[in-house]
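One structure is given here, and the rest of the page talks about it.
Derivation of every value follows stated rules applied to the coordinates shown; laboratory data play no part. Predicted, not measured: the structure shown is a model, and the values here were computed from it. Note that each Cβ is placed from the backbone with ideal geometry, even for glycine, and that neighbours are counted across all protein chains shown.
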Amino acid sequence: MKNSIFNSLLVAGIVAMTVGCSAPKSQEKEETTEEMAKATIASEPFGELPTGEKVTLFTMTNANGVEAKVMSYGGIITSFKTPDKNGNMDDIVLGYDNLQGYLETTPYFGAIIGRYGNRIAKGKFTIDGVEYDLAVNNIGNHLHGGLAGFDKVNWNVKEVPSEKGVALEFKRTSPDMEEGYPGNLDVTVVYTLGDDNTLEFDYTATTDKNTVVNLTQHSYFNLNGSKSDILDHEIMLNADQFIPVDETLIPTGELRPVAGTPFDFTQSKKIGVEISAENQQLAYGGGYDHCWVLNDDPKEMMLAATAYEPNSGRAMDVYTTEPGIQFYSGNFLDGTITGKNGVVYNHRYGFCLETQHFPDSPNQESFPTTNLAPGETYHTTTLMKFYIK
């Protein structure tokens, strides 16, 4: 069903519901039609890579009219539209209007991150006595899979059935030694847009050689539709500990209690309350760019974080099977990027909640392992639920 038809039916249903039981039969019929509206996926061309590969943009729409646009390149979520407390739809993720923006310098807007999300110290790790060298692309360290990570490849994409709503499956094989990582890694990531306004990311990977894997999703959110910075957003993180970092944002190895520090988000509070440049505990990275150690059993789906923006009334809950969550407050956005609809992304115009294993785990024996061996299956799931508060 085309979006224009879907939107017309949605409006008709809303009108019918507002007039109550006394609605004329014609309106009752429209309401019934709206209730029968189905979630859909549409696709269209979205440009061409320098290699000549064609990029496809998919539009996922659930039965409530919530819409996610996702492209084959990088598995990038280019747009995610949800209603505010007045029913107005806004795009609540940062990005670009066209493919070219994503091909130029971009801070991983909306992408699948791999093979290893976050940082690996000095771009080195050792498995079975063999040291592997990765690209050094961030303050002397390896970040987010390297120079051409999973965010910079064109994935094989197809629609797959889902009882929850609509779903897209992204698949690729990362060849042995791609970006320096050992093993042929078969990766499947399924995005599901549920009719309960959830966005689910399900990750699976297998390898033919001992390797390391840490996948995540890197959307930048602004629940106010990029009308202001994110400092008035209220965040809760279900974590009593966080991971301190050195001046190059590599973990020191310590798991430190959040109590009595600016990292205490055990109770919901505004991002901007303790984020001032004068706060020395946040000096490295210029704000929040740390991994929190989640409290509950990482083998079970657990509440990891909540976010709420009072002006719009939009809220989101993040659930995951991962042991950690990286909260990034958009510190490196500096007004040099012009995004969708000509919006300039100034300092802290978006935040990320990246569910993952801990940074630099291959070099930190006390951290949960990110090793994957032949015969094993890497599998994690993260779910984001959007609603009005």
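Quick notes on this structure:
- Here the calculated FRET efficiency for residue 270 and residue 138, from their Cβ-Cβ distance with R0 = 35 Å, stands at 0.80, rounded to the nearest 0.05.
- Each 5 Å bin, from zero up to the one with the longest distance, holds this percent of the alpha carbon pairs of the range 135-215: 3, 14, 20, 21, 16, 12, 8, 5, 1, 0.
- Rounded tilt (10° steps) of 25-35 against the dominant C-alpha axis of the chain: 20
- Fully extending the segment from residue 184 to residue 49 would add 46.2 nm, taking 0.36 nm per residue of separation and subtracting the current Cα-Cα distance.
- Backbone N atoms of the range 129-152 closer than 19 Å to the 7 Å Cα→Cβ label point of residue 104 belong to residues 152.
- For the range 101-388: rounded, prolate or oblate by the Cα gyration tensor [a/c cutoff 1.5]: rounded
- Basic side chains Lys and Arg get +1 at the Cβ, acidic Asp and Glu get -1 at the Cβ, and with that the dipole of the chain about its Cα centre reaches some 760 debye.
- For the range 285-317 and the range 360-389, distance of Cα centres in Å: 16
- FRET efficiency for residue 389 and residue 147, using Cβ-Cβ distance with R0 set to 51 Å, rounded to 0.05: 0.80
- Additional length obtainable on full extension of the chain from residue 196 to residue 158, 0.36 nm per residue less Cα span: 11.5 nm
- The angle between the Cα long axis of helix 3-18 and the main principal axis of the chain comes to about 60°, on a 0 to 90 degree scale.
- Simple label model, 7 Å out from Cα along Cβ direction - residue 311 to residue 248, nm: 3.9
- Label point 7 Å beyond Cα of residue 38 along Cβ direction - residues of the range 55-73 with amide nitrogen under 14 Å: 61-63
- Scanning the chain for GluC sites (Glu not before Pro) lying in DSSP loops with no more than 13 further Cβ atoms inside 10 Å, the longest uninterrupted stretch between such sites is 164-246.
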